[in-house]
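Following: one structure in structure tokens, then a few remarks.
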Amino acid sequence: MREYLDSAFVLDADIDLSKAPYNTGNGWTPIGTETTPFTGTFHGNGHTIRGLYIFEGKNLGLFGTIEGKAEISDLTLKDADIRTTKSGVAILVGQMLGGTITNTHVSGTIKADSHNVGTLVGYMERGSIADSCQYRFNFPQNYRLKIPHFCRYWLFTSAGSGRKKPAFFFSLMR
């Protein structure tokens, strides 16, 4: 998948990443980097990825960096464990420079001593997130924030100077 960053992918089964080699050393290597971002389509097909583990690095998540017309949809990530001192950290996407995230849900723990840390997305320059939620999320280092059944809907556009400008933001408690 890392060799075909502009392609379309469909998950056809649940995945357990809590086994070696994905849970040892630095764990999972995120898909897409700042220099070679993911620009394709990833359709989770309603499946779950469990046990995502990442230790140290920048732009961390299942996906490191996405941009352009990247699409991630219909996916659940459970029991993630991410630990770092770098920026751009989230369970799903470390850095979102464009694209769309739809119907995606995450839960887990992030221990980070940095900035640009989030649940679905760590740093978001532009793109959209809809119908996506964070469940049982613990954040960061010296305190734990638990947000059960809390959904956020975002649409960001570039503000010209690299700052993100929310086009709208609202929260929904279930």
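The values are calculated or read from the model by the stated rules, or taken from the named source; none is laboratory data. In this text, all values refer to a predicted model and were calculated from it rather than measured experimentally. Cβ sites come from the backbone with ideal geometry, for glycine too, and all protein chains shown count toward neighbours.
A few remarks follow.
- The stretch 77-101, subset in contact with a Lys or Arg (Cβ under 9 Å, 6 or more places away or on another chain) and of a type in the set (Ser, Thr, Tyr), residue modelled with the lowest pLDDT: SER87
- Qualifying residues in the stretch 32-51 (those that are at positive phi and either of a type in the set (Asp, Glu) or in a loop (DSSP other than H, G, I, E, B) (or both)) - the one farthest from the chain's Cα centre (by Cα): GLY51
- Whichever residue in the stretch 52-66 is within 13 Å of the chain's Cα centre (by Cα) and among the small types (Gly, Ala, Ser) and, among such residues, is surrounded by the most Cβ atoms within 10 Å (Cβ to Cβ): GLY61
- Residue in the stretch 89-97 that is more than 12 Å from the chain's Cα centre (by Cα) and without any contact (Cβ under 8 Å) to a residue 60 or more places away in the chain present: no
- The condition of being over 17 Å from MET96 (Cα atoms), free of Cβ contacts under 8 Å to residues at least 12 places away in the same chain and aliphatic (A, V, I, L, M) holds for only one of ALA20, ALA13, ALA8, that being ALA20.
- Filtered residue count, the stretch 1-35, keeping only those that are out of contact with any Ser or Thr (no Cβ under 9 Å at 6 or more places or on another chain) and among the basic types (Lys, Arg): 1
- Exclusive hit being in a strand (DSSP E or B), at pLDDT below 50 and either buried (at least 18 other Cβ atoms within 10 Å of the Cβ) or among the basic types (Lys, Arg) (or both), set PHE168, PHE137: PHE137
- Among the residues of the stretch 1-31, those that are within 20 Å of ILE82 (Cα to Cα), part of a strand (DSSP E or B) and out of contact with any Leu (no Cβ under 7 Å at 6 or more places or on another chain) comprise ILE15, ASP16, GLY27.
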